[in-house]
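Take a look at the structure below.
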Amino acid sequence: MTHFAYRAGVLHAEDIPVPEIAGTVGTPFYCYSTAALERQFRAFAEAMPKGALIAYAVKANGNLAVIRTLARLGAGADVVSIGELKRALAAGIPASKIVFSGVGKTRPEMAYALDAGLHQFNVEGEGELEALNEVALSKNAVAPVALRVNPDVDAKTHAKISTGKAENKFGIPWTKARAVYARAKSMPGIKIVGVDVHIGSQVTDLEPFRAAFVRVGELVRLLRADGHNIRRIDLGGGLGVPYRDGEILPPPKDYGAMAHQAVGDLDVELIAEPGRFMTASAGILVTQVLYVKESESKRFAVLDAGMNDLIRPALYEAWHDIVTVQEPGPGAARFAYDVVGPVCESTDMFARDRELPKLAPGDLVAILTVGAYGAVLASSYNARPLAPEILVKGGDFAVVRPRPTIEAMMAEERTPAWLKT
């Protein structure tokens, strides 16, 4: 929580007291720290071999101000849709530093990306390869391609964010890789430039990465022997972050050293796609206690933020540390709360039996490490407006996505003529 810390008993975002932001924009709201984003990018970039492309995974946090902050540091982008591609371009990332991943690229998306001149397509299957070849030929273009191979490596992460096992939908089966590369080589609209791999997200042990990268290195040697000019290896993303206070995870310098050891002798451009690592610890969700409700066996803290604002605990059983905005005094008593939201679902819960200082209606609390897969996964379920997003830099803050009004949300809908009479 380096850039979210207590000062004089009040939680600050960099140099801004959190209650000052709450008083301006209301709750709930997401708050991002520029300094934290910059720290994370530099730590990762400095750990990787010189010349590596750090392609920020836009799916982690697609806010334009967040992307632009990273772009100014030299980040590229990893995108999985035309929407993310347009966001990356609008935020100042040149197409030459963008890789296009994802299992379901459409032909219009392929055409747009080809026109933009992006760095590389990470192709996930033979059907996609055929479609991309046809689109490229229709435009008298050649698509730079890395085939995503599935190394059948267990990332030992949550089952819902594992992507590198044989039963996952991602990539080309390891046993078919050489045959698919041979087929790609015969396609005039395709230029093979590399190999892509991605085994999952929130990986907390370097050994699965090592196993996957060593397999990729072996494949590169075989492909070169087959006559393919393999010049790039895309290592994917997935490096985990600590969600619990005191949790120790492998630092980026160890990840970079391991990657260099595994494939550093191959004379290739390395590409990495960190997302969560860049943004998770740079964000908090600030919310207000509405009610404290007690049953015979439970004490509930009902917040004004719900699972529509932060779905990770409901979707992944994810743990997020929760702190009070007012610092508890030394030796303050703590009580077990189920921390819940107002959404009409039993899964609308942020924590179960969480030990927290005594809470009362009106208290502000902050849910930590939500800068990745927080606002970007939010919805307006229960007709609840999306929480605004705030970016802090030193003593300044700006609303980088405002809270929509309910009227504005309804104005996006249309009533057919037959219902107007």
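The values are calculated or read from the model by the stated rules, or taken from the named source; none is laboratory data. Everything quoted here is computed from the prediction, not taken from an experiment. Glycine gets a Cβ as well: all are built from the backbone with ideal geometry, and neighbour counts include every protein chain shown.
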- [ ] Check every one of the strands (runs of 3 or more DSSP E) wholly within segment 1-118 and list those with 3 or more residues that are in contact (Cβ under 8 Å) with a residue 12 or more places away in the chain.
- [x] 10-13, 29-33, 53-57, 76-79, 98-100
TODO: Of the conditions (1) at pLDDT 95 or above; (2) within 27 Å of Ser81 (Cβ to Cβ), Leu368 clears all except one; give me its number.
DONE: (2)
Task: Checklist (1) outside the structural domain of Pro250 (by TED's automatic domain parsing); (2) hydrophobic (A, V, I, L, M, F, W, C); (3) under 25 Å from Ala378 (Cα atoms) applied to Ala8, failing item - done: (3)
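Within segment 88-108, how many residues are surrounded by fewer than 22 Cβ atoms within 10 Å (Cβ to Cβ) and either modelled with pLDDT under 95 or within 23 Å of the chain's Cα centre (by Cα) (or both)?
Just the residues of segment 88-108 that are surrounded by fewer than 22 Cβ atoms within 10 Å (Cβ to Cβ), to begin with: 89-90, 92, 94-97, 102-104, 106-108.
Okay, now just the ones that are also either modelled with pLDDT under 95 or within 23 Å of the chain's Cα centre (by Cα) (or both), so 89-90, 92, 94-97, 102-104, 106.
Result for segment 88-108: 11.
Which of the residues that make up segment 45-95 are among the hydroxyl-bearing types (Ser, Thr, Tyr) and either in contact with a helix residue (DSSP H, G or I) (Cβ under 6 Å, 6 or more places away or on another chain) or under 16 Å from Ile233 (Cα atoms) (or both)?
Going residue by residue through segment 45-95, those that are among the hydroxyl-bearing types (Ser, Thr, Tyr) are 56, 69, 81.
Tyr56, Thr69 - these are the residues of segment 45-95 that are among the hydroxyl-bearing types (Ser, Thr, Tyr) and either in contact with a helix residue (DSSP H, G or I) (Cβ under 6 Å, 6 or more places away or on another chain) or under 16 Å from Ile233 (Cα atoms) (or both).
Criterion first (within 24 Å of Leu377 (Cα to Cα) and either in the same structural domain as Asp205 (by TED's automatic domain parsing) or part of a strand (DSSP E or B) (or both)) does Ala351 satisfy it? Full working, then the answer.
Working: within 24 Å of Leu377 (Cα to Cα): yes; either in the same structural domain as Asp205 (by TED's automatic domain parsing) or part of a strand (DSSP E or B) (or both): yes.
When the stated conditions are applied, Ala351 passes them.
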- [ ] Being out of contact with any Ser or Thr (no Cβ under 9 Å at 6 or more places or on another chain) and part of a loop (DSSP other than H, G, I, E, B) is the filter; apply it to segment 167-204 and report the residue that is modelled with the lowest pLDDT.
- [x] Glu167
- [ ] Would you point out which residue out of Gln261, Gln288 is surrounded by fewer than 20 Cβ atoms within 10 Å (Cβ to Cβ) and in contact (Cβ under 8 Å) with a residue 60 or more places away in the chain?
- [x] Gln288
- [ ] Collect the residues in segment 247-286 that are under 24 Å from Arg352 (Cα atoms), out of contact with any Gly (no Cβ under 8 Å at 6 or more places or on another chain) and of a type outside the set (A, V, I, L, M), keeping them in residue-number order.
- [x] Glu247
Task: Every residue from segment 349-380 that is buried (at least 16 other Cβ atoms within 10 Å of the Cβ) and under 12 Å from Phe300 (Cα atoms) - done: Met349, Phe350, Ala351, Arg354, Leu356, Leu359
Task: Total residues in segment 314-348, condition under 27 Å from Pro385 (Cβ atoms) and either part of a strand (DSSP E or B) or aliphatic (A, V, I, L, M) (or both) - done: 13
Task: Residue that is farthest from Ala282 (Cα to Cα) [pool: residues in segment 386-421 that are among the β-branched types (Val, Ile, Thr) and not in a strand (DSSP E or B)] - done: Thr421
- [ ] Working only within segment 304-342, note down all residues that are within 13 Å of Pro28 (Cβ to Cβ) and among the basic types (Lys, Arg).
- [x] none
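Out of the residues in segment 205-228 that are in a helix (DSSP H, G or I) and not hydrophobic (A, V, I, L, M, F, W, C), state the one that is nearest to the chain's Cα centre (by Cα). Walk me through it before giving the result.
Taking segment 205-228 first, the residues in a helix (DSSP H, G or I) are 206-225.
Add one more test, that the residue is not hydrophobic (A, V, I, L, M, F, W, C), and what stays is 207-208, 210, 215, 217-218, 221, 224.
On the way: Glu207: 22, Pro208: 20, Arg210: 22, Arg215: 25, Gly217: 26, Glu218: 29, Arg221: 32, Arg224: 33 Å.
Step by step, filter segment 205-228, then rank; the result is Pro208.
Among the candidates Glu38, Glu109, single out the residue that is farther than 20 Å from Tyr373 by Cα and of a type in the set (D, E, K, R).
Numbers: Glu38 fails: farther than 20 Å from Tyr373 by Cα.
None of the other options fit; the residue is Glu109.
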